[in-house]
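Student: Attaching a single structure in structure tokens format; questions to follow.
What follows draws every value from the coordinates through simple rules; no lab data is involved. Note that this is a predicted model, so its numbers are computed, not measured. Quick reminder, even Gly has a Cβ in these numbers, built from the backbone with ideal geometry, and neighbours come from all protein chains shown.
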Amino acid sequence: MQASRPPITNGGAEAIRQSSQVSKGAAIRTPDSGRPIQEIEQRLLTVVTSAPLVLFAFDAEGIFTLSEGAGLESLGIEPGYAVGISVLDLYESEPAVLDGVRRALAGEEVAEVVTVGGTTFAVRYSPQLDESGEVFQVIGVATDITPQERAEVELRRRVAFDNLIHRTFTSFIEIAPDDSTSAKQLDAAILEGLADVGRFTEAARTYILEKSDDGNSLSTTYEWCSEGTVPTAEGLGEISTVSIPWVMEQIEAGKLVHAPAIDELEPEIALQLRQIGCVGIRSMVNLPLVTRGSVVGVVGFEWTQPSSQAGVEEEMTTGMWIT
């Protein structure tokens, strides 16, 4: 447990005052009692202690003289804790951080993005020079941009998935229906599509279960398994739809079945999902396979660990399995 946040010390306030003065190239002056300066400092301190950023400074030896800001919380560091500690020691296991620090100590203005302990910061180092042109301190600001970074990652993932869907559809469309080899080509395209989506979502197994003509059973017609996953197509045989009533109710209604943690479901539902799953299944997504408006089977994706992939439902509900 962290200790309660200490107030910014006089030394910290002085460092902030110096940083604001140096960055503007001149000291802030007031002709009267100095109260405006205090008000400016107080406002600045309020911003620093509440915004998701870190304001820091270290001397020519790399010793912290200032370390403040709400952004420190994500690093597990209390404001003021680092003062008196070498930045080179504190971040000795973070080479990306040390690279920026050393460049700044050498007199270079540095702006970069680094990730520390799962938190991504946009960092700017501003070396301050004395009259002889030597660096006497470095002032820096680090802004927590983790939410924006995650949004960008998710966007890139979404675009990659859309491209994957486009390639899959294209491979189906390019198969000529009157070609004598079209059945084999279609089988190959379906298996390749299952494999591509399986690898993209890091699934253990992807498959298609088709209903029998009388609708009383499901059988595996296509299956892809990741390395180390035992294929289940032959072992499962035909699955009686009577034995999985809840699953079939959802599928027949055209609903997505998403079980991110099967172990946490009601025992009866978990049992039904495991009847169609691979050994050690922990999470699953099942989609209705629809042809000409009728449900003819199930497209499934399985993982051997609880699903932690944000947006997996959205990615799977793209209509790619409606034929």
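Student: Calculate the FRET efficiency for Glu94 and Glu73 from the Cβ-Cβ distance with a Förster distance of 30 Å, rounded to the nearest 0.05.
Tutor: 0.95
Student: For Leu256, Leu273, what ranking results if the residue with the fewest other Cβ atoms within 10 Å of its Cβ goes first?
Tutor: Leu256, Leu273
Student: Express in nm, to one decimal, how much length is gained between Ser212 and Trp246 on full extension, taking 0.36 nm for each residue of separation and deducting their alpha carbon distance.
Tutor: Fully extending the segment from Ser212 to Trp246 adds 10.4 nm.
Student: In which sequence would Arg292, Arg103 go, from the one with the fewest C-beta neighbours within 10 Å to the one with the most?
Tutor: By the 10 Å Cβ count, ascending, the order reads Arg292, Arg103.
Student: So how do 191-197, 211-217, 244-250 stack up, highest first, on mean other-Cβ count within 10 Å?
Tutor: 191-197, 244-250, 211-217
Student: Ranked highest first by the average count of other Cβ atoms within 10 Å around their residues, in what order do 75-88, 58-71, 120-133 fall?
Tutor: Going by the mean number of other Cβ atoms within 10 Å, highest first, we get 58-71, 75-88, 120-133.
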